[in-house]
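Student: One structure is given below, represented as structure tokens, and several questions about it will come after.
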Amino acid sequence: TEALDAGWLELWYQPKFNLQTGEVCGVEVLCRWLHPTHGILSPALFMPVLERCGLLDELLFTQIEQALGVQRSAREQGFTLNLAFNLQAVQLANAQLTATLKSLLAQQGASGAGLTFELTESGLLEAPATSLESLVRLRMMGCRLSIDDFGTGYSSLQRLCQLPFNEIKLDAEFISN
């Protein structure tokens, strides 16, 4: 809680390029903890703690609100910038997820079409069937959905066809073989 309140969790933007044109078409919004004494901490060190403390949604909504400001600034300069956020499977169970997201989008004058939510393949395997409703609602809002690290779990193509995803990001180990 102290790290969130003090602003020590900082957004980093990893660009996504269109390989045909070389243009930046979007960014993945990542979080790093700028600890005052330990320096930059990896999410692997603090995300499990945030999950145990029930703070994942607070972090996500803070990230979205800040990143929508960056998106608006890019739009004012004539650039279209898709924002991709990592979403944990447990967050799909939050009944307020889509309502809060709609509110944030309305406040910023943005649309869901400018957002992508990435879930890991392993997270999807752990998600209860009720999570599908949240995924469908996100798609109905125009958001894109991406399966991250595909090839590390045991999803079948049949299962993939049942889910409303736009994109599959293959794990590097999966394709190197």
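The values are calculated or read from the model by the stated rules, or taken from the named source; none is laboratory data. From a predicted model like this one, the values you see are computed outputs, not experimental measurements. Cβ atoms come from the backbone with ideal geometry, glycine included; neighbour counts cover every protein chain shown. The protein model used for the area step is the full one, side chains on, heavy atoms only, and it has no ligands, DNA or RNA in it. Shrake-Rupley method; radii C 1.70, N 1.55, O 1.52, S 1.80 Å.
Student: Regarding LEU92, is this residue hydrophobic (A, V, I, L, M, F, W, C), surrounded by 14 or more Cβ atoms within 10 Å (Cβ to Cβ), in a helix (DSSP H, G or I) and touching a residue at least 40 places away in the same chain (Cβ under 8 Å)?
Tutor: Details: hydrophobic (A, V, I, L, M, F, W, C): yes; surrounded by 14 or more Cβ atoms within 10 Å (Cβ to Cβ): yes; in a helix (DSSP H, G or I): yes; touching a residue at least 40 places away in the same chain (Cβ under 8 Å): yes.
It is true that LEU92 is hydrophobic (A, V, I, L, M, F, W, C), surrounded by 14 or more Cβ atoms within 10 Å (Cβ to Cβ), in a helix (DSSP H, G or I) and touching a residue at least 40 places away in the same chain (Cβ under 8 Å).
Student: Okay, next question. For PRO15, which of the numbered conditions (1) assigned to a helix (DSSP H, G or I); (2) open to solvent by less than 80 Å² (accessible area, probe 1.4 Å); (3) farther than 30 Å from GLU133 by Cβ; (4) out of contact with any Phe, Trp or Tyr (no Cβ under 9 Å at 6 or more places or on another chain) fails to hold?
Tutor: Single failed check for PRO15: (1).
Student: OK, next. Among the residues of segment 4-21, which ones are modelled with pLDDT under 90 and over 20 Å from the mean Cα position of the chain (by Cα)?
Tutor: ASP5, ALA6, LEU19
Student: Name the residues in segment 29-46 that are farther than 15 Å from LEU4 by Cα and part of a helix (DSSP H, G or I), would you?
Tutor: Within segment 29-46, ALA44 is the sole residue that qualifies.
Student: So, one more: Filter segment 60-89 down to the residues that are part of a helix (DSSP H, G or I) and surrounded by 18 or more Cβ atoms within 10 Å (Cβ to Cβ) and list them by number. Lay out the reasoning, then the answer.
Tutor: Taking segment 60-89 as the starting set, the residues that turn out to be part of a helix (DSSP H, G or I) are 60-76, 89.
LEU60, GLN63, ILE64, ALA67, LEU68, GLN71 - these are the residues of segment 60-89 that are part of a helix (DSSP H, G or I) and surrounded by 18 or more Cβ atoms within 10 Å (Cβ to Cβ).
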